[in-house]
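Asks: First the structure, which I've put down as structure tokens, then a few questions once you've had a look.
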Amino acid sequence: MMLKIEPRKNRSNFLEVSAPIIAVFLTMIFGGVLFLSMGKNPFEAIKLIFWDPIMSPTFSEYSRPQLVIKAAPLILIALGLSFGFRANIWNIGAEGQYIMGALISGSIGLALYPLDSMFIFPLMILGGIIGGIFWAMIPAILKIRFNTNEILVSLMLVYVAEQILALASVGFLRNPEGLGFPGSRDLSKYPSAANPELIANSGMHMGVIFSIIAVIVLTYFLIYHRLGFQIKLLGQAPKASKFSGVNSNYIIIFCLGLSGGLAGVAGMFELTGPAGLINIDFNVGYGFTAIIVAFLGRLHPIGILFAGLLMSLTYVGGELAQFMLNIPAAAIQVFQGMLLFFLLSTDLLVSYKISLNISNLNNKKLKSMKE
Amino acid sequence: MKILKIFSLVLSTFVVSGVFASDMKVGFIYIGPPGDHGWNYQHDVGRQAVDEAFGGKVETVFQENVPESADAERVMTQMALSGADMIFATSFGYMDPVINVAKKFPNVKFEHATGYKTADNVSTYSARFYEGRTVIGHVAGKMTKSNKIGYVASYPIPEVVRGINSAYLAAKAANPNVEFKVIWIFTWYDPAKEADAAKTLIQQGADVIMQHVDSSAIMTVAEEAGVYAFGQASDMSEFGPNAHLTAIINGWAPYYVKRVQQAMDGTWKGGEQTFDGIGAGMVIIGNMSDKIPANVRKEAQDLANGIASGDIHPFTGPVNKQDGSPWLASGETADIGTLLGMNFYVEGIEGDIPQ
């Protein structure tokens with residue numbers, strides 16, 4: 001007797017659409033039980049996480065734009081990662097590429113301080129993209145030349161990037177007027193380099209606009225462009241793709257470059273806007289969380305857009321639940337984990353069914369006889 | 001019986017619905033978990049002291065694991081929106097976020113630990129940890145047999161450099177043959193890195209380890225290797241019952257209770273910069289191990305008492321800088337400005353401060 005997972009022959013469209021909603025409800029129920037077991041009011045906790053950031057009169061005016069600000073880097077990075085993941089190219093080091101994008105663009109901005117020019121900001125965007133691509137090309141080239149594992153190389157380079165970031169914060173990018181404390185000048189207060197809200201209290205900064213454009217462009221690209229097709233093919237049928245003339249080296253360079261570039265530019269927008277300055281703790285894990293976002297969004301650009309917003313909601317709402325009800329941060333992380341777990345498992349159940357196979361042995365025999 | 005039940009039900013409804021609501025709400029923001037047995041734990045001890053001191057009059061809330069980034073600004077804004085009257089931000093990197101949020105909420109009082117930027121509704125506070133390091137420096141100088149003292153340092157900021165200098169001066173005064181070996185690990189909290197650094201120092205012959213990083217990993221390593229170490233921020237003797245000589249304990253409770261009281265009385269002022277030491281109870285020397293000879297324990301206690309009363313200043317001349325140039329003349333004590341911006345080693349320490 002064993003459990004068997006097999007593909008469904010008739011996939012239900014209704015289930016496919018409602019799976020994420022069912023997952024959110026399941027999270028609410030099991031998360032509620034978790035909060036109840038800690039002696040907290042589960043209804044209040046769930047309301048604080050999912051409802052209050054969007055609708056409460058006390059918080060929403062501030063929280064709504066914050067949702068967008070927090071989602072933008074997640075969406076940008078996840079978009080890039082999703083292409084590689086489709087092609088079985090696993091860039092786990094987006095966090096490092098995010099740091100390097102911020103460092104290169106920050107270095108440009110700080111070197112030109114206090115020059116006033118409209119070219120500085122675009123130059124910094126370029127710097128962010130190049131910084132991220134540069135850091136992603138290391139695992140790409142090593143993979144092509146020496147067949148190294150890009151998971152390990154890109155992950156290890158995160159720690160290298162963190163060391164460079166620490167060095168920059170206390171060394172070569174340190175604010176000369178900062179009394180020797182770590183941290184660079186505040187770029188968000190340097191008009192030529194700043195990335196402010198375009199409309200007051202909307203949360204819409206250049207990075208948000210950039211992510212929306214990226215969603216549209218990459219959706220088109222995935223569906224209509226030949227390269228989008230080749231990426232899907234390489235992931236699903238590597239051998240077939242080889243026969244059809246797909247150059248896998250080219251795809252490796254492209255996917256790592258795309259994810260690196262987008263992670264780098266996300267770092268640039270974060271640096272010049274919400275974060276403001278280069279500091280030891282500049283990176284807060286967007287590069288890793290984006291991996292979850294990419295899968296939550298089913299590796300599809302539109303899905304990633306919603307997944308990023310949902311993830312951001314659990315952060316902002318989770319913070320509210322923490323200090324309003326004194327729920328520990330670890331419990332909120334468990335709650336976020338539950339959300340991921342239920343989303344992925346409902347997703348599995350949409351495309352596959354689990355059957356209890358009692359006469360497994362007989363089936364096997366039957367199969368071998370047929371062959 | 002039934003009446004009692006109904007009564008208690010009514011009572012609990014009243015409590016929940018806020019009939020006995022507190023007069024004041026005070027928020028705390030921590031960089032890590034309060035369970036770290038170090039920096040955050042002591043801030044949380046201070047928060048609990050506020051709870052106890054004011055009973056139901058003050059409600060405290062806290063948020064742990066808040067990164068020093070845009071997230072800090074959001075957490076503080078949400079706390080202020082939720083009705084907090086006062087917010088203690090307990091890590092250096094919250095400095096700019098505090099200033100930004102304080103601008104948006106002029107009626108909320110902000111207290112920022114270890115920073116240097118103030119405003120009409122922002123005061124800062126920091127502890128003279130170097131006073132404690134003078135005391136443990138003396139103990140280290142007396143306890144080392146190899147004459148090599150290892151020092152695991154976090155970031156080359158003035159506070160850390162100050163600690164190394166004061167510990168070295170005291171150790172040197174206690175034992176002229178003493179030598180310092182400093183390893184910079186560029187993090188405040190990373191048990192694995194801290195342990196690695198401690199192991200390296202022990203391999204190089206150090207038999208007393210000092211630390212300016214937050215975890216208890218070094219204490220564990222010291223216990224295994226059979227060398228001595230000191231508790232950082234909290235008493236860490238449970239991690240190294242034999243290794244633990246004493247600890248520098250951060251005593252935030254008196255300050256927190258005092259500032260909340262002032263806020264309630266209307267005498268709280270922004271723009272103030274508190275820099276207290278052993279005398280005010282912000283730096284506490286922990287229990288001394290009986291591994292320390294009685295006479296050394298007494299010397300250390302006298303040193304602490306002398307610093308508390310103001311008779312002894314940890315930085316008293318003659319002291320030269322590392323390059324041999326004179327810093328303090330005989331009998332001269334260091335001024336606060338130099339201490340706050342300290343970016344040089346004193347004479348006798350080898351190696352360079354990373355730039």
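The values are calculated or read from the model by the stated rules, or taken from the named source; none is laboratory data. A quick note: this is a predicted structure, and the numbers were derived from the prediction, not measured. We place every Cβ from the backbone using ideal geometry, glycine too, and count neighbours over all the protein chains shown.
Asks: Name the residue that is nearest to the other protein chains (Cβ to nearest Cβ), counting only residues in the range B:174-206 that are among the aliphatic types (A, V, I, L, M) and in a loop (DSSP other than H, G, I, E, B).
Replies: At the first step, the residues of the range B:174-206 found to be among the aliphatic types (A, V, I, L, M) are B:174, B:178, B:182-183, B:185, B:192, B:195, B:197-198, B:201-202, B:206.
Subset that is in a loop (DSSP other than H, G, I, E, B): B:178, B:185, B:206.
Working: B:Val178: 27, B:Ile185: 10, B:Ala206: 24 Å.
Among those that are among the aliphatic types (A, V, I, L, M) and in a loop (DSSP other than H, G, I, E, B), it is B:Ile185.
Asks: Does B:Gly331 meet the test of being farther than 30 Å from B:Asp51 by Cβ, of a type in the set (Gly, Ala, Ser) and not assigned by TED's automatic domain parsing to the domain that holds B:Asp85?
Replies: Yes; evaluated as a whole, the condition is true for this residue.
Asks: Filtering the range B:1-50 down to residues that are aromatic (Phe, Trp, Tyr) and at pLDDT 50 or above, which residue is surrounded by the most Cβ atoms within 10 Å (Cβ to Cβ)?
Replies: Checking each candidate, the answer is B:Phe28.
Asks: Wholly within the range B:242-355, which helices (runs of 4 or more DSSP H) include no fewer than the required count, namely at least 2 residues that are more than 24 Å from the chain's Cα centre (by Cα)? Spell out the reasoning first.
Replies: Values: elements: B:253-265, B:294-309, B:336-340.
Once the helices (runs of 4 or more DSSP H) in the range B:242-355 are filtered for at least 2 residues that are more than 24 Å from the chain's Cα centre (by Cα), what remains is B:253-265, B:294-309.
Asks: Within the range B:107-144, which residues are touching a helix residue (DSSP H, G or I) at 6+ places or on another chain (Cβ under 7 Å) and among the acidic types (Asp, Glu)?
Replies: B:Glu111, B:Glu131
Asks: Name the single residue that is nearest to the other protein chains (Cβ to nearest Cβ) among those in the range A:274-286 being modelled with pLDDT under 90 and not in a loop (DSSP other than H, G, I, E, B).
Replies: Here the answer is A:Pro274.
Rundown of residues vs (1) in a helix (DSSP H, G or I); (2) crowded, with 17+ Cβ neighbours inside 10 Å; (3) away from chain B (no Cβ under 11 Å); (4) free of Cβ contacts under 8 Å to residues at least 12 places away in the same chain, yes/no style:
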| residue | (1), (2), (3), (4) |
| --- | --- |
| A:Arg145 | yes, no, yes, yes |
| A:Thr148 | no, no, yes, yes |
| A:Arg174 | no, yes, no, yes |
| A:Ser184 | no, yes, yes, no |
| A:Ser202 | no, no, yes, no |
| A:Phe210 | yes, yes, yes, no |
| A:Ile213 | yes, no, yes, yes |
| A:Phe229 | yes, no, yes, yes |
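Asks: Continuing with the same structure: Just to verify a result, which residue in the range B:74-84, among those that are under 27 Å from A:Ala102 (Cβ atoms) and within 8 Å of chain A (Cβ to nearest Cβ), is nearest to the chain's Cα centre (by Cα)?
Replies: The extreme case among them is B:Val75.
Asks: Still on this model: Which residues, taken from the range B:57-73, are of a type in the set (Gly, Ala, Ser) and more than 7 Å from chain A (Cβ to nearest Cβ)?
Replies: Scanning the range B:57-73 gives a single hit, B:Ala72.
Asks: I would also like to ask the following. When you go through A:Ile138, A:Ile75, A:Ile125, A:Ile164 one by one, which is the residue that is closer than 27 Å to A:Tyr250 by Cα and either free of Cβ contacts under 8 Å to residues at least 24 places away in the same chain or within 14 Å of chain B (Cβ to nearest Cβ) (or both)?
Replies: Working: A:Ile75 fails: either free of Cβ contacts under 8 Å to residues at least 24 places away in the same chain or within 14 Å of chain B (Cβ to nearest Cβ) (or both); A:Ile125 fails: either free of Cβ contacts under 8 Å to residues at least 24 places away in the same chain or within 14 Å of chain B (Cβ to nearest Cβ) (or both); A:Ile164 fails: closer than 27 Å to A:Tyr250 by Cα.
One residue alone meets the criteria, A:Ile138.
Asks: Criterion first (more than 30 Å from B:Pro156 (Cβ to Cβ), more than 13 Å from every other protein chain (Cβ to nearest Cβ), surrounded by 23 or more Cβ atoms within 10 Å (Cβ to Cβ) and under 10 Å from the mean Cα position of the chain (by Cα)) does A:Gly308 satisfy it? Let's see the steps before the verdict.
Replies: Values: more than 30 Å from B:Pro156 (Cβ to Cβ): yes; more than 13 Å from every other protein chain (Cβ to nearest Cβ): yes; surrounded by 23 or more Cβ atoms within 10 Å (Cβ to Cβ): yes; under 10 Å from the mean Cα position of the chain (by Cα): yes.
Answer is yes for this residue.
Asks: Checking B:Glu299 against (1) within 16 Å of B:Ala170 (Cα to Cα); (2) within 14 Å of chain A (Cβ to nearest Cβ), which single condition isn't satisfied?
Replies: (2)
Asks: If a residue has to be in contact with a Gly (Cβ under 7 Å, 6 or more places away or on another chain) and part of a helix (DSSP H, G or I) to count, how many in the range B:207-220 make the cut?
Replies: Residues in the range B:207-220 being in contact with a Gly (Cβ under 7 Å, 6 or more places away or on another chain) and part of a helix (DSSP H, G or I): 2 in total.
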